[in-house]
Structures are given as structure tokens and as C-alpha cells.
Amino acid sequence: MAEHPPYPVGLRLLGRRVVVLGGGQVAQRRLPALIAAGADVLLVSPEATPSVEALADTGRITWLKRPYEPGDLEGAWYALIATSDSDANSRASAEAEADRVWCVRSDDADAATAWTPATGHSEGVTVAVLTTEAKGRDPRHTAAVRDAVVEGLRDGTLVAPHHRTRTPGVALVGGGPGDPDLITVRGRRLLAEADVVIADRLGPRDLLAELPPGVEVIDAAKIPYGRFMAQEAINDALIQHARQGKSVVRLKGGDPYVFGRGMEEVQALTEAGIPCTVVPGISSSVSVPGAAGIPVTHRGVAHEFTVVSGHVAPDDERSLVDWPSLAKLTGTLVILMGVDKIGKIAETLVAHGKAPDTPVALVQEGTTAAQRRVDATLATVAATVAAEEVRPPAVIVIGEVVRVGPHPPEQR
């Protein structure tokens, strides 16, 4: 076998008969991929696992509830033999050989005419890994190689840029709350493939140092605004770079649509005829409290949570938040961009019925190495923020969930 390794090939099974003998765990693992390939699957087995039975019940496979019989492989293009009866496996394998049907055997790889590779998928690419020697086959090693390649493609550490099918355009990528490990797999891959990255201050900037050479990185805070407003200048930069035929990533903190002005950028790109895709990100509204040991919901404590922007004070005519109604809710209130307005926010909530001793937690620089948590109450939060010199970015959590946890901090 070392001199004559298996020949790798991709089978196109759409509409073609595939026979699976045995309805146990092996079939359960292999059937989904066969179904996804569009194969006409015939299962021959007196019994099946509940998952395999469900596939038959929904009409995704045909199931003959009996043991293997000679002739079952008639018309098959491919066969998977995985019964617990070694004699039946041998007879079925001999039938496959006589009928020239490629055959996989779960019980005896050396007697098979085909081997199933360890496979994985990443953005339209299927990675298939085969051991080239019959002796000393190590399925775990093969799977580990598969996993390493797929993970590298997904997170961008294994860079394989598109060439023929690469389409210029813009991707709005939610970078998550700050920890570079919390960006999505798709977001990290798009970063690795970008020609230009326009990054927010609150995005996971540590990832920028990992970008391939030649990627142009633009700090959105330093785009010259001129006659444009800040957001208009960013929109214009996205459009201009995309029109140059470049693949552009707009790296934003959290999620693009959670106080991230993502839709404004989508609208501008759409009007300009620029292809745009949005990659959701983990919002700091739930992830930062979680990183600080605060669940935004908890059984018996809070059955809902509300996320609001605190960038304008409650008495500001520009505010769209119904603060009196929020004061009456019993669930968790999460406030983003509200550090410098928290005093006025706390006063308003108390004035409309919220208890002054309602616990408050402020989590600064959440999920990063600089994360810190400061606790207070609605009555004391303004003074605590000043005394502790809490600075943005910080997520503010108000409600009884602040006290949930193994060792909740003392409130100031």
C-alpha cells in the first residue's frame, strides 16, 4: 500500500443509488453527508438508531427492515457496509467486488475497495484527509490533521485567498466585545482575506497585527472628515475602496446592528451599488456582563433584559428611550455608552419608582486584559463612578442579577 496509495476522488452522487448496510452508529455518522450529496440512499438493516430511524420517517432515506440479502447492491454506485455480522459483511463485500461497486467496510478497511476520508468544510471547500498506508492506520491522527486544516481556514490562520471567484465588496464584521478570540470564525477568515480593513476604536484591534502583509489598515477615527460628517466620511471611504476592486472589511466592535450604525453603512453601500455582507458579532450587552460573572437572565430573578443606549441623558430632547417605563420593569437593564450620563439615568429611574438600593455593576474594558468590575447601587453609582474613575468603554448592568453569582462584590 505504501507503493500504491489510495487515489483520492470526489464522488458526485446526486440521484445515484447508495446502499448502506447496518443502521448503527457508523451509519448515523455517514448518512447526513450522503443525503447532503443528493444520493438516493437505501438502508438495509433490521434495526436502526433513533436518529437513523428519524431520517427514514421523514423520507430522506429508504429503509428495508431486514438483514442483508444477496442482490441488495444491484444498481448501486457506492456501498457502505457497517453491520455487526462479519459474515454478512464479507458476502456483501464480495457482491460489491463482483458488481464493480466501490465499497467501504467499517469492520475491515483492508478488505474494502474504498476508504472514507476524515472530512470537514469551510466556505465552499471540502477538506478530505486519507491515511496513505494500510498498516499503522491512525484515524485519530487523520481527524486531527483534518481539524487543524479546517480550523486554520476558518479562523484565518491558514490563509488561502480566493483568486478566480473573489468578488470586490464590503463586509461589515462584528468583532465582538474586545477579546480577539471572541470574533466569529467567519469574521476572522474575512479579515485574513481582506485588501483593506477600516477599523473602529472598539473593535478587537489585536487582530490587526495578525493580518497578512500588504493589507491596508485604516483607523476610522482618523479618516479626514473635511466637508463630511464622521459617518459620511466612513461611508465614502468604504465605497471608494470597494470601487477600486478591493475586498474591504469594516471591523466594528460588538455587533454591527447593535448601536453600531451598521444599517447606515449598508444603506450607503446599497445606494452606491456596492455588494455588502453583514457578519454578526457577539454583542457586549450580554457578553461583557457574562465575562464579569453576571447573567443578564436567571431563573427566579429576571425573565427579561432590556438593552438601551445611554449616550444622551434622559432629559435630552434627542433621547428616544422611555425611561419611566424602564423604571417599572422587573428584569435586567443593560446600558451601553452611558458612563458619563449614569448619574442622571439613575436619578430618573429612581424618580419613576426604581428602588434606590437596586444593584448596579459597571464593567470596564470587558473581556480584555484590562477588564474591571465596579459595583454600586442606583443611589451611589454617580459618586462611585467619579471616585473609581470609571471610563468608557463600560457596560452598565442594573438589576438583581448583579447579586447573582458565587462571590458578588460588595456594593459601594
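Of the residues screened, Ser45 is not one that is without any contact (Cβ under 8 Å) to a residue 24 or more places away in the chain and not assigned by TED's automatic domain parsing to the domain that holds Thr126. For segment 297-327, filtering for residues that are within 21 Å of Gly260 (Cα to Cα), β-branched (Val, Ile, Thr) and not in a strand (DSSP E or B) leaves 2. With respect to Arg16, determine if the residue is basic (Lys, Arg) and either touching a Leu at 6+ places or on another chain (Cβ under 6 Å) or under 25 Å from Val129 (Cβ atoms) (or both). Spelling it out, Arg16 is indeed basic (Lys, Arg) and either touching a Leu at 6+ places or on another chain (Cβ under 6 Å) or under 25 Å from Val129 (Cβ atoms) (or both). Residues of segment 334-374 that are in a loop (DSSP other than H, G, I, E, B), among the β-branched types (Val, Ile, Thr) and in contact with a helix residue (DSSP H, G or I) (Cβ under 8 Å, 6 or more places away or on another chain): Thr358, Thr367.
Condition (residue is within 23 Å of Ala128 (Cβ to Cβ) and aromatic (Phe, Trp, Tyr)) applied to segment 77-96: is it met by at least one residue? Even if it seems obvious, please write down each step before you answer.
Going residue by residue through segment 77-96, those that are within 23 Å of Ala128 (Cβ to Cβ) are 77-82, 93, 96.
Filter once more, keeping what is aromatic (Phe, Trp, Tyr): 77-78.
Yes, some residue in segment 77-96 is within 23 Å of Ala128 (Cβ to Cβ) and aromatic (Phe, Trp, Tyr).
In the condition set (1) within 19 Å of the chain's Cα centre (by Cα); (2) at pLDDT 95 or above, Leu207 is compliant with all but (2).
Taken over segment 245-270, the criterion of being surrounded by fewer than 17 Cβ atoms within 10 Å (Cβ to Cβ) and either assigned to a helix (DSSP H, G or I) or free of Cβ contacts under 8 Å to residues at least 12 places away in the same chain (or both) is satisfied by Met263, Glu264, Gln267, Thr270.
Across segment 87-103, which residue is surrounded by the most Cβ atoms within 10 Å (Cβ to Cβ) among those that are over 21 Å from Arg16 (Cβ atoms) and more than 42 Å from the chain's Cα centre (by Cα)? Reasoning before the result, please.
Step one: list which residues in segment 87-103 are over 21 Å from Arg16 (Cβ atoms), which gives 87-91, 94.
Now drop any that are not more than 42 Å from the chain's Cα centre (by Cα), which leaves 87-88, 90-91, 94.
Values: Asp87: 9, Ala88: 17, Ser90: 15, Arg91: 15, Ala94: 13.
Checking each candidate, the answer is Ala88.
Contact annotation: residue pairs with Cβ atoms under 9 Å, 6 or more positions apart or on different chains, pairing a residue in segment 76-92 that is more than 11 Å from Val44 (Cβ to Cβ) with a partner that is of a type in the set (Lys, Arg) and buried (at least 17 other Cβ atoms within 10 Å of the Cβ), are Trp77/Arg17; Tyr78/Arg17; Asn89/Arg105; Ser90/Arg105. Taking the numbered list (1) more than 27 Å from Gly71 (Cβ to Cβ); (2) part of a helix (DSSP H, G or I) in turn, Pro5 passes all entries but (2). What residue, among those in segment 1-27 that are over 17 Å from Ala79 (Cβ atoms) and of a type outside the set (A, V, I, L, M), is surrounded by the fewest Cβ atoms within 10 Å (Cβ to Cβ)? Residue satisfying both the conditions and the ranking: Glu3.
The values are calculated or read from the model by the stated rules, or taken from the named source; none is laboratory data. The shown structure was predicted, so the numbers you read here are calculated from the model rather than taken from an experiment. Here Cβ is always computed from backbone atoms with ideal geometry, including for glycine, and neighbour counts include all displayed protein chains.
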